[in-house]
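Okay, structure first, notes after.
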Amino acid sequence: MPSTTKTQKAVHASDVKHVAPNHMVLSKKAGGNISEYPTEFTKDSKYFFSSVGPCVKIFSMATGAVVKVLSQSAATGGHTNKITRVILNPKNHLQLYTASLDGTIKLWDYNDDILLKTYNVNAPIESMVMSPETPNHAYIVVNTSEEKDKMADNSIVYRFSFGDSDQPTRMRRICSLRDCTTIDITQDGKWLAFGARFKAYVWPINNDMEDVPETQLQQHISIEQITVLKFHPTKPILAIGDKSGRITHITNYKSTDEKEQIRSVHHWHHLPVRCLTFMADGAYLLSGGEESVVVIWQLDTGHKQFLPRMGGSIASITISPNHRFYCLGLDDNSIRLVNSITQTIEQVIQGIQYAQADNALNPLSTGLIIEPRNHHVVLNGVQGSIQFYNANADSHVMDLEVVPMNRVVRAGEKEIIHAHVSHVAFLKSGEWMATVDTRDDNVTTPELFLKFWRWDPDTQAYKLHTRVDYPHSKPITSLTFNPVSSQGPMAITTSKDKTFKVWNLSTDLGRNYQSGEAAWMCRSVGVYRDSSPTTATFSEDGSILAVAFGQIITLWDPYLNSIQSVLAQPNPQNIDKLHFLGENCPFLIAKTKTHLYVWNMLTCKVWWSYKMSVDHLAVDAVSNQFAIVRNHPRTSESRVVIFDAKSPVPIALQHLNHSCLSIAWLPKEQDDNEPSSVVCLSDRYEFAVYAVKSTQSATKQKKEASAPATAAVSLVTEERNLLNDMYGMRENEKETDEQMRIRIKTAQSMREEAMSANKKESKTKRREEGDVSGLSAPSHVLPSVDVLFDTFMSSIMSLRIENDETNAMDIDQEESEDEDEDNQDTGLDITITTSAQQDFPSLTNYFTQELGKLFISQKPISRKSAAAQSSSDEDSEEEEDPSKIAW
């Protein structure tokens, strides 16, 4: 029986799962691609809808701010995948249809954010159009790319009938084709057109129940690949844009006789036409493409008007119902509202730039950097630029062009290799910013520039102060600032040329510069053996510089350029990331390809480690915590783990259903003492802000909510009186405060006992090891040499005094030797526990009282010393006579 009981206990103990003391709560989502799909205006032209991932953001035309978000969570009925089209309900303009890649069409009341109905299509919807005259039908393009044959049809066009309360929904197949890219319907709902590759199909809509046969479809063949098509609002004209930049107008497309169909070509674009939109009266046609120019065609006269320098490749054009604004969706993830009368840009709504850019051409090499002045998130923008984004307000703040360039490429020319910003760093105060930009086209000499930017309070932006051409002979691997420097601003760069350089702001520039002019210059160069430095970091107080050379961590004095210590990793892999924690926290985080190490700088040993692959690492200097991200190698999922450096047990874990490109800690704007939030950038270029909450408080609230009866019963047992019934249990509060005082006193006494025990142990250990002076401590934690000199000399040389005639000298010698031994024992652990008046009484009281007692208790002294006893000054002079001291 006892063995069985033990086994049961062991099983129950193993079943208990570890509960993290904290948990991560999603507090806000920001960013996303706001211009990937066409926008939709409200009927009064005061707001417009933009699909951002699985959500719909409602923007104000007056301010450009987000006023509401639809479909925020799948748990409340929202979409689970990207929304591809938003259309106002033709029956009710206060309702909105949304089509998504999750295979559903949802009807919303956008004023009250209420989901009214969901229609299942069971296939990803790539596009959808509706006619105001036929509100019960929607024409959708469904993706069927699950076919194994790449040459087979992968798109099907359906007519989806919503049905009334009495009629069920149904789908009618219209056509199956390959790579359907565009679809449109006439205003009266009688003609439908869709394009795929080199063919445009026109179908006269009928209400038959069977699938549409191919004989009902009219085909129009194009020489170039079709990119977009649009119906004229009043005339039988179909405009088709192709990849070569031509716009072909097919007049009288209703006729089945090709001879009666008239074609006319308008050609200005030299790059593919991305979008076409007719004015409401049909007199003008708007076209846009990769030239960043809106072309306004007057159809009757052929006159062209241009709106140049829109800021990026134009993906969509939408005209507001009051015809006052052109809403342009650009490829740099921005929406621009152009006044149709003045033809000027009145409003720019910028998302995270290049949210749909190719990561191979423009990788996120800077990661997420928090600007210390305003707590904005800084990351790569368009090529050669960095962007500042306010994650709390979900707004783009600023775009800083590090390398000016022209982003328009002529047709037929070779693609230009643009510069790329690889590193960004900020001084702790936010006064200085440093960037590293590179350009290598594998033809000419690679370009490498180190730039220092200074904050301008007048323009509220950073201005270029110093540019260093070719600071290293090979690419730079890391860039960091000294947070607290006693010799002015200091920056460190490490490079693959096996050196790291210290940069200082200097005024000694030579004769060619004016007096008082300052610039950043290289103060010193550091090397270690024949290794290449991979990363560097400063301690929070700026006194220690840690540089990683391969698998070795070197600790340097940044002011004296001297190496203080060398730490060897247990694992032979190269270190790719180093981070010190905040103030009063002696830990250093080191990350390799498959391991995570936490070093204790006081002992110069590994405090704890994990064998795990870490993709991203971020350190919070406020709470002395750090977060790591590990992306799943085969699925688009990731996991965020938060650690306290003191313990290897995680304090919070969060599973994400998407890959994480980078992570950072976002401080609170109101109070710096509040815990920071974790910001994750997903592969969909969306910011997810997580707040770290305590699990105990949440559990306590749940218990209090779930068990009110238990609390009521416990209150009955307490002493009841009128005062307590009116104002609560005041006596319990007093007892709680008293218990808190007792607990604090107990903790203080236990701490003092532990400190004294540690001191005794350290003394005994140093005696056993023969290190009485305490100089075996790590070099970077020892004080300066002038402080250690007296202790070191007293440990190897003892003062010897010989005087046979006086016993007083013997007594003094014994006392001095005892004091020397005490000083040797204490070493560096001397602490002051009492006030100076108690530890150091006056010399007069000491000699008259203490020495008098000693002299009386000892045997009779010599005549010479007895005669001199009347004057303490004469005694001191004779005792300090150097002739009587044997050195």
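Here, each number is a calculation from the coordinates, and none is a lab measurement. Everything numeric here is computed off the predicted structure, so don't read it as measured data. So basically every Cβ, Gly included, is an ideal-geometry build from the backbone, and we count neighbours across all protein chains shown.
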Note to self: Distance between the C-alpha centers of the range 175-247 and the range 547-568? Whole Å please.
What the structure shows: 68
Checklist line | Potential extension, S636-M521 segment - 0.36 nm per residue separation minus Cα distance | finding: 36.9 nm
Checklist line | Distance in nm between pseudo-label sites at T594 and K43 (7 Å out along the Cβ direction from Cα) | finding: 6.5
Notebook entry, point to check: For the range 511-557, which chymotrypsin sites (Phe, Trp or Tyr not before Pro) are in a loop by DSSP, counting at most 15 other Cβ atoms within 10 Å?
Noted result: Y513
Notebook entry, point to check: Please report, for the Cα atoms of the range 538-661, the Rg to one decimal and the Dmax as a whole number; what are they, in angstrom?
Noted result: 14.9, 49
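As an exercise, identify the trypsin sites (Lys or Arg not before Pro) in the range 424-531 lying in DSSP coil whose Cβ has no more than 13 other Cβ atoms within 10 Å.
Sites meeting the loop and neighbour criteria: R511, R529.
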Next item on the list: Grab the Cα-Cα distance for S694 and N657, subtract it from 0.36 nm times how many residues apart they are, and report the gain in nm with one decimal.
Entry: 11.0 nm
Check: If the chain between L464 and Y559 were fully stretched, how many nm would it gain, using 0.36 nm times the residue separation less the Cα-Cα distance?
Finding: 31.6 nm
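Net charge around V468, counting only other residues with Cβ within less than 12 Å of its Cβ (Lys, Arg = +1; Asp, Glu = -1)?
+1
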